[in-house]
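Notes to accompany the following structure.
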Amino acid sequence: MAADGISTRSMIQRIRPGSAASTSSPAGHQVAVQMTDFHLALSDQPLTPGTYTFAAINAGHDEHAIEIDGPGVSDLRTPGVVQPGQSASLTVTLQPGTYDIYCPVGDHRAMGMEVHFTVNNAGNSAPGSGGATGGY
């Protein structure tokens, strides 16, 4: 439950309506990133090359942010920090390869707020396929 009493699932559905499959929009696909203290979870969908908007939802009690590193992307992050109960978006064009998405605030990455995912034409995501998670 978020700080304002709204469930994270409700916030994800408002940001990314529809099924768990990727949702297309003129700006590309949307991926929900749930941030808790000290865990990241990406919505369950395969990632293929293209433009994605990562909707970072802070369902924790601490300030968080997301940053993405990978092929053609270096230190791309949400502006500032995302306060508890708030969200922010980050749009990036992904090409085939392996990416890291993590929280750059303080030592949150070292505490487990990091997910590795792979983008390829087959749409395979993290090991085990489907959604990816990382953290405590």
Practice item. Could you check the stretch 36-111 for strands (runs of 3 or more DSSP E) lying wholly inside it with 1 or more residues that are of a type in the set (D, E, K, R) and surrounded by 17 or more Cβ atoms within 10 Å (Cβ to Cβ)? Key: 67-70, 73-77
Check your understanding: Pick from the stretch 112-136 the residues that are part of a loop (DSSP other than H, G, I, E, B) and at pLDDT 95 or above: which of them is farthest from residue 30 (Cα to Cα)?
Key -> 112
Revision key, fill the gap. When every residue in the stretch 43-72 that is of a type in the set (A, V, I, L, M) and touching a Phe, Trp or Tyr at 6+ places or on another chain (Cβ under 7 Å) is compared, the one nearest to residue 121 (Cα to Cα) is 47
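The values are calculated or read from the model by the stated rules, or taken from the named source; none is laboratory data. Since the structure is predicted, the reported quantities are computational estimates derived from the model, not experimental observations. Here Cβ is always computed from backbone atoms with ideal geometry, including for glycine, and neighbour counts include all displayed protein chains.
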